[in-house]
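Engineer: Here it is, the structure in full.
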Amino acid sequence: MNDRLRLGVNIDHVATIRNARGGAHPDPIRAAVLAAEAGADGITAHLREDRRHISDADIERLGMEIDLPLNLEMAATDEMLEIALRHRPFAACIVPEKREERTTEGGLDAAGGHNHLARFVRDMGNADIRVSLFIEPDPIQVAAAAQLGAPVIELHVGAYCDAEDEAAKELHYQRIVDAAERADQLGLECHAGHGISFETVGPIAAIPSLMELNIGHFLIGEAIYVGLADTIKEMRRRMDVARAIAVTERAS
Ligand code: PXP
């Protein structure tokens, strides 16, 4: 079990607020600087095809002005591949993207989309970009990601985070635990993201083979009340506490 779980802070929704008025405020890059100071291990930004939040200029500035590793979330399109190869972020996470959706509503079909995805995994891997595939916690998808040669998967944990009753929560949680374990057996580095809040981060952080969580919407929303730095520090604290308890329990 890895003692320290990395926290990637997704700054998309700072850009969402900026774009609501079309000006330069609030600046997502300033949020990235604050996130770094507050204990984030990386910055995540999704350059959507419709540019509804993060812009091309944001990606350029993140590369130039921020020291933390950048995780570029992107659809598997030629345009995004060209941008990734030009900017060479530390990491790229391939996500499914539909224009009509409000957010990334499900995982990639790594199994069904094998032929399409293979080129993206290969070309970005050859450029030394750490490629991950955002997939549902489903053993078929985990196996498909391994077959594609992706070094990393990110499990979509939205169904767990959004589940309203205990039985559904338990079911979705077990799926995440099983998928993370399978990924570990297959030699994949495993991350998790989508919908994580103060309430749901503890159980997720306790899953031994997870190495990184990517969190955005909740952090930016909570920051309205208590500020971004304090929100990130509290998320970091909850992750660390849950991880430390899990480590102790496994050792005893
Ligand atoms: N990881 C991936 C791959 C995502 O697409 C998203 C949403 O953009 C997140 C993490 C962050 O999810 P949330 O904003 O719900 O915390």
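Engineer: Return the residues of segment 111-144 that are of a type in the set (A, V, I, L, M) and more than 13 Å from the ligand (Cβ to nearest atom); say none if nothing qualifies. Step through it out loud before you land on a result.
Structural biologist: Of all residues in segment 111-144, those of a type in the set (A, V, I, L, M) come to 111, 117-118, 121, 124, 127, 129, 131, 133, 135, 140, 142-144.
Residues satisfying the conditions are 111, 117, 118, 121, 124, 127, 129, 140, 142, 143, 144.
Engineer: Limited to segment 139-171, what total is found for residues that are surrounded by fewer than 22 Cβ atoms within 10 Å (Cβ to Cβ) and in contact (Cβ under 8 Å) with a residue 60 or more places away in the chain?
Structural biologist: The total comes to 1.
Engineer: Which one is most open to solvent (accessible area, probe 1.4 Å) among residues in segment 38-64 that are within 23 Å of residue 213 (Cα to Cα) and of a type in the set (Asp, Glu)?
Structural biologist: The extreme case among them is 41.
For every residue, the table says whether it meets (1) farther than 22 Å from residue 45 by Cβ; (2) surrounded by 17 or more Cβ atoms within 10 Å (Cβ to Cβ); (3) of a type in the set (Gly, Ala, Ser).
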site: 105; (1), (2), (3): no, no, no
site: 116; (1), (2), (3): yes, no, no
site: 121; (1), (2), (3): no, yes, no
site: 128; (1), (2), (3): no, no, no
site: 132; (1), (2), (3): no, yes, yes
site: 137; (1), (2), (3): yes, yes, no
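Engineer: Same structure again: For segment 204-215, which residues satisfy the criterion of being open to solvent by less than 10 Å² (accessible area, probe 1.4 Å) and not in a strand (DSSP E or B)?
Structural biologist: 204, 205, 207
Engineer: Quick one: would you say residue 81 is more than 15 Å from the ligand (Cβ to nearest atom), open to solvent by 20 Å² or more (accessible area, probe 1.4 Å) and in contact (Cβ under 8 Å) with a residue 12 or more places away in the chain?
Structural biologist: On the way: more than 15 Å from the ligand (Cβ to nearest atom): yes; open to solvent by 20 Å² or more (accessible area, probe 1.4 Å): no; in contact (Cβ under 8 Å) with a residue 12 or more places away in the chain: yes.
No.
Engineer: How about segment 63-108: which of its residues are more than 19 Å from residue 6 (Cβ to Cβ) and among the polar types (S, T, N, Q)?
Structural biologist: Hits for segment 63-108 are 77, 103, 104.
Engineer: Open to solvent by 40 Å² or more (accessible area, probe 1.4 Å), modelled with pLDDT of 95 or more and away from the ligand (no atom under 15 Å from the Cβ): does that describe residue 86?
Structural biologist: Working: open to solvent by 40 Å² or more (accessible area, probe 1.4 Å): yes; modelled with pLDDT of 95 or more: yes; away from the ligand (no atom under 15 Å from the Cβ): yes.
In short, yes.
Engineer: Mind checking which residues of segment 218-230 are surrounded by 14 or more Cβ atoms within 10 Å (Cβ to Cβ) and touching a residue at least 40 places away in the same chain (Cβ under 8 Å)?
Structural biologist: Correct list: 219, 220, 228, 229.
Engineer: Oh, and also: So for segment 82-103 (the condition being under 20 Å from residue 51 (Cα atoms), of a type in the set (Asp, Glu) and in contact with a strand residue (DSSP E or B) (Cβ under 9 Å, 6 or more places away or on another chain)), does at least one residue qualify?
Structural biologist: Looking through segment 82-103, at least one residue is under 20 Å from residue 51 (Cα atoms), of a type in the set (Asp, Glu) and in contact with a strand residue (DSSP E or B) (Cβ under 9 Å, 6 or more places away or on another chain).
Engineer: Taking the options 203, 151, name whichever one is more than 15 Å from the ligand (Cβ to nearest atom), under 15 Å from the mean Cα position of the chain (by Cα) and under 27 Å from residue 236 (Cβ atoms). Before the answer, list the steps.
Structural biologist: Working: 203 fails: under 15 Å from the mean Cα position of the chain (by Cα).
Only one candidate qualifies: 151.
Engineer: Quick test for you: out of 199, 164, 170, pick the one residue that is more than 18 Å from residue 46 (Cβ to Cβ) and not in a helix (DSSP H, G or I). Spell out the reasoning first.
Structural biologist: Values: 199 fails: not in a helix (DSSP H, G or I); 170 fails: not in a helix (DSSP H, G or I).
That would be 164, the only listed residue that is more than 18 Å from residue 46 (Cβ to Cβ) and not in a helix (DSSP H, G or I).
Engineer: Here is a list of conditions, (1) in contact with a strand residue (DSSP E or B) (Cβ under 6 Å, 6 or more places away or on another chain); (2) modelled with pLDDT under 95; (3) not aromatic (Phe, Trp, Tyr), and residue 3 meets all of them except one; can you say which number that is?
Structural biologist: It is condition (1) that residue 3 fails.
The values are calculated or read from the model by the stated rules, or taken from the named source; none is laboratory data. Keep in mind the model is a prediction, meaning the values are calculated, not measured. Neighbour counts run over all protein chains shown; Cβ positions are idealised from the backbone, glycine included. To get the accessible areas, we keep the full protein, side chains included, count just its heavy atoms, and leave off ligands, DNA and RNA. Shrake-Rupley method; radii C 1.70, N 1.55, O 1.52, S 1.80 Å.
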